[in-house]
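> If you scroll down you'll find the structure; I have some questions about it.
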Amino acid sequence: MDWGTIIGTVTGAVIGVGATSLADRSRWRREQAASRSAIKRELYAAYLAAVAQAWNEIRAAVIDSDEPWPERARMASLAYRNGGVYELRYQMAITAPPNIVVLSDQTMRGIRDLTNKLSAGHTYASWDDLKSDNQAWFDAFNAMRRMMRLDLDPEALPVPPPSR
């Protein structure tokens, strides 16, 4: 019996199985990364859409409405409560990196604080007043968008700052 042939066959089998295992593991990691990225992309898009919708409805209630102020405040509160921002924030907390979670919380709290102010009787005469009083919210929202973009594509070109 020739031991060299047996050792060569076993060595070849070990190398073949090892190479296949490494290739499978590498492919599995790529698939997992792509899956995580797709999940984050969907969540980020849903959160941004919910925030934008809630903000636009609040702005419409506060600035565009002809209703008396208590009704405008109620409409703004409904826009926040029904907008899905609060609920999506919990998904953000378990999916997004910590820096984006902080910004998503600031964004959600900014909308909540605005609706609380409106419910307490605060009014706005114009879009400029509303925007300047909530500039911290706009800053957090824009920072969150930039961080989400970088999280999904670290080589992405920066988003130009919005016009003020």
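Computed from the coordinates by the stated procedures, all read-outs in this text should not be read as laboratory data. Note that the structure is a prediction, hence the values are computed from the model and not measured. Glycine also receives a Cβ, built like all others from the backbone with ideal geometry; neighbour counts cover every protein chain displayed.
> Which of Ser119, Ser37, Ser132 moves the most in a Gaussian network model of the chain with Cα springs under 10 Å?
Top of the fluctuation ranking is Ser132.
> Could you run the Karplus curve 6.51 cos²θ - 1.76 cosθ + 1.60 with θ = phi - 60° over segment 74-90 and give me ³J(HN,Hα) per residue in whole Hz, x for Gly and Pro?
5, 5, 5, 4, 5, 4, 5, 5, 8, x, x, 5, 4, 5, 5, 4, 5
> Give or take rounding to whole Å, what are the principal axis extents of the alpha carbon atoms in segment 69-158, in descending order?
Cα extents, longest axis first: 46, 27, 15 Å.
> How big is the Kirkwood radius of the chain, worked out from every pair of different alpha carbons and given in Å to one decimal?
Its Kirkwood hydrodynamic radius stands at 19.1 Å.
> Could you work out the pair-distance distribution P(r) of segment 114-157 from its alpha-carbon pairs, with 5 angstrom bin width and percents rounded to whole numbers?
P(r) for segment 114-157, in whole percents per bin: 5, 20, 18, 18, 11, 10, 10, 6, 3, 0.
> Given springs between every Cα pair under 10 Å in a Gaussian network model of the chain, which of Arg89, Arg41, Arg27 has the largest fluctuation?
Of Arg89, Arg41, Arg27, the Gaussian network model singles out Arg27 as fluctuating most.
> Another question, then. Only Cα pairs within less than 10 Å get springs; with that Gaussian network setup on the chain, which residue of Leu22, Leu130, Leu118 has the largest fluctuation?
The residue that fluctuates most here is Leu22.
> Taking the dipole about the Cα centre of the chain, with the C-beta of Lys and Arg at +1 and of Asp and Glu at -1, give me whichever of Asn99, His122, Ala52 is farthest to the positive side.
In the chain, that residue is Asn99.
> What number in nm² do you get for segment 1-98 if you take the convex hull of its Cα atoms and divide its surface by four?
Quarter of the Cα hull surface area: 8.8 nm².
> Now, a different point. May I ask you to derive the relative contact order of the chain, considering only C-alpha pairs under 8 Å and at least 6 residues apart, and to give it as an integer percent?
It rounds to 22 percent for the chain.
> Express in nm, to one decimal, how much length is gained between Asp128 and Thr95 on full extension, taking 0.36 nm for each residue of separation and deducting their alpha carbon distance.
Result: 8.4 nm gained on full extension.
> How many nm is it between the label spots at Ala19 and Asp153, if each spot is 7 Å from the Cα in line with the beta carbon?
Spacing of the two 7 Å Cα→Cβ label points: 3.6 nm.
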